[in-house]
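So the structure is just underneath, and the comments pick up after that.
The values are calculated or read from the model by the stated rules, or taken from the named source; none is laboratory data. Here the structure is a predicted model, which means the values were calculated and not measured. Positions of Cβ are generated from backbone atoms using ideal geometry, with glycine treated the same way; all protein chains shown enter the neighbour counts.
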Amino acid sequence: MEKPKTVTCTAPVNIAVIKYWGKRNEELILPINSSLSVTLHQDQLKTTTTVATSRSFQEDRIWLNGKEEDITHPRLQSCLREIRRLARKRSKDGDPASDSMKLSHKVHICSVNDFPTAAGLASSAAGFACLVYTLAQVFGVEGELSEIARQGSGSACRSMYGGFVQWIMGEEDDGKDSLAQQVAPETHWPELRVLVLVASAERKPVGSTSGMQTSVQTSRLLKHRAESVVPGRMVEMIEAVQRRDFAAFAELTMKDSNQFHATCLDTYPPIFYLNSVSQQVINLVHRYNGHYKETRLAYTFDAGPNAVIYTLQQHVPEFVQAVQHFFPPETNGGEFIKGLPIEHVALPEELRQAIGLEPLAKGISYIISTKVGPGPCVLEDPTQHLLGSDGWPKKTL
Ligand code: DP6
């Protein structure tokens, strides 16, 4: 048997500060507005994917987090088809590096997330970005790949780059101009920190794909947002990032998250993603900023109750103390803070009083502390492959 060609890559999670919500084309995943996100560091959160290809494979197959999944899923099929199409084009154009024989070979795909699905983080963004990036390596496809990742999951196109990334909505019907683009690299704003406040386990009520469909059909506020609010905010947000103006960045981030959740409430029947823990986090952030008469913290929420906090490095220890005070964690159980280590400081009494909220026990199960990070990358060490040398999942999975 010939040895399969095997490649393993990793890809990051991204958290939008100007939200994508609503499609103008469901099949191609074309959005009704542009969006902008921050790529999180893969030392804390990532997807790892191995793709193997061999003449001896009978069919395309996929294993996600140790379990075989249905390869006929339309979005998976879109990504596979588009990568093969680009590879075929390249080989027809006479690129000597492309191996036309390999194009007809089937693939085995194995992928794992190193963060709990319960954390409610956009695992589909990192997952599809990693899939497309790895397939492109296997089939020798280069160039613009965000257009393909977009067809797996809209937000996945932004995980194809590190740093600060915009997804330009585009105008064309075929989606050729609906692409992700880096606004600033991960080195641009070294002091920026990201804290994921994981709200205690609760099931996600409505998935983003179906939620945004209902919003597009019923919310006039969403239409107003997409047409009249987001275009101006994109310009302001890009300027805030370029100037490293935290107060401007933070205010736009919070207002955009709030407006996104307002469009969810304006959807009929309404969609509720925020819960009482989310509301307490929102109050905590505003009272904290109010006490210092300076915008030091920003929150943002996606299609679930977990808060993502953006702040600067120097404010992290004190804010984390405030979180621990106002959300007393369960005493037994794992560590409360995961990821980048955080120095221990005392919570100033006047800050505690100024916030003055009633503590909500066990509302937050843990915090993931991270920062801005790079885009997808290839793992060169073959011991990190998730598929064995025969191209099948390793027994340890
Ligand atoms: C609230 O990218 O998950 O996180 O394109 O249908 O797969 P599909 O949706 P998805 O939506 C993400 C929505 C969001 C906002 C954002 O990430 O911009």
- Message: Being touching a residue at least 24 places away in the same chain (Cβ under 8 Å) and in a helix (DSSP H, G or I) is the filter here; which residues of region 259-280 pass it?
- Response: 259, 260, 261, 262, 263, 264, 266, 276, 277, 278, 280
- Do we find a residue being over 26 Å from the mean Cα position of the chain (by Cα) and within 30 Å of residue 52 (Cα to Cα) anywhere in region 373-384? yes
- Task: Looking only at region 102-109, decide whether some residue is small (Gly, Ala, Ser) and either within 12 Å of the ligand (Cβ to nearest atom) or touching a residue at least 12 places away in the same chain (Cβ under 8 Å) (or both).
- Result: no
- Note on the structure: Being in contact (Cβ under 8 Å) with a residue 40 or more places away in the chain, under 26 Å from residue 389 (Cα atoms) and either part of a loop (DSSP other than H, G, I, E, B) or away from the ligand (no atom under 16 Å from the Cβ) (or both) narrows 195, 131, 135 down to just 135
- Query: Do we have residue 116 as more than 16 Å from the ligand (Cβ to nearest atom) and either at pLDDT 95 or above or over 30 Å from residue 66 (Cβ atoms) (or both) here?
  - Reply: no
- For residue 282, which of the numbered conditions (1) farther than 26 Å from residue 42 by Cβ; (2) of a type in the set (Val, Ile, Thr); (3) in contact with a helix residue (DSSP H, G or I) (Cβ under 7 Å, 6 or more places away or on another chain) fails to hold? (3)
- Query: Looking at this structure, is residue 39 farther than 30 Å from residue 252 by Cβ and either in contact (Cβ under 8 Å) with a residue 60 or more places away in the chain or touching a strand residue (DSSP E or B) at 6+ places or on another chain (Cβ under 8 Å) (or both)?
  - Reply: no
- Message: Suppose we filter 200, 159 for residues that are more than 20 Å from residue 24 (Cβ to Cβ), within 12 Å of the ligand (Cβ to nearest atom), touching a residue at least 40 places away in the same chain (Cβ under 8 Å) and touching a helix residue (DSSP H, G or I) at 6+ places or on another chain (Cβ under 8 Å); which single one remains?
- Response: 159
- Message: Here is a list: 28, 64, 36, 40. Which entry is surrounded by fewer than 20 Cβ atoms within 10 Å (Cβ to Cβ) and under 19 Å from residue 166 (Cα atoms)?
- Response: 28
- Yes or no: residue 71 of a type in the set (A, V, I, L, M), within 21 Å of residue 384 (Cα to Cα) and away from the ligand (no atom under 16 Å from the Cβ)? no
- Task: Could you grab me the full set of residues in region 6-35 that are over 19 Å from residue 259 (Cα atoms) and either modelled with pLDDT under 95 or near the ligand (Cβ under 8 Å from one of its atoms) (or both)?
- Result: 14, 29
- Note on the structure: Wholly inside region 284-377, strands (runs of 3 or more DSSP E) that include 3 or more residues that are modelled with pLDDT of 95 or more and surrounded by 16 or more Cβ atoms within 10 Å (Cβ to Cβ) are 297-301, 307-312, 364-371
- Task: Among the numbered conditions (1) touching a residue at least 60 places away in the same chain (Cβ under 8 Å); (2) under 30 Å from residue 354 (Cβ atoms), tell me where residue 236 comes up short.
- Result: (1)
- Message: For region 273-292, give me each residue that is away from the ligand (no atom under 16 Å from the Cβ), under 20 Å from residue 15 (Cα atoms) and in contact with a strand residue (DSSP E or B) (Cβ under 9 Å, 6 or more places away or on another chain).
- Response: 277, 281, 282, 285
- Query: aromatic (Phe, Trp, Tyr), in contact with a helix residue (DSSP H, G or I) (Cβ under 8 Å, 6 or more places away or on another chain) and part of a helix (DSSP H, G or I), is that true of residue 249?
  - Reply: yes
- Query: Looking at this structure, is residue 295 away from the ligand (no atom under 16 Å from the Cβ), out of contact with any Leu (no Cβ under 7 Å at 6 or more places or on another chain) and under 15 Å from residue 192 (Cα atoms)?
  - Reply: yes
- How many of the residues in region 162-192 are within 24 Å of residue 25 (Cβ to Cβ), within 14 Å of the ligand (Cβ to nearest atom) and part of a strand (DSSP E or B)? 5
- Message: Quick check on residue 152: is it within 12 Å of the ligand (Cβ to nearest atom), farther than 30 Å from residue 244 by Cβ and touching a Cys at 6+ places or on another chain (Cβ under 6 Å)?
- Response: yes
- Residues in region 327-356 that are under 32 Å from the mean Cα position of the chain (by Cα) and either over 18 Å from residue 195 (Cβ atoms) or basic (Lys, Arg) (or both): how many? 5
- For region 1-108, list the strands (runs of 3 or more DSSP E) that sit wholly inside it and hold at least 3 residues that are among the polar types (S, T, N, Q); which are they? 5-12, 35-39, 46-54
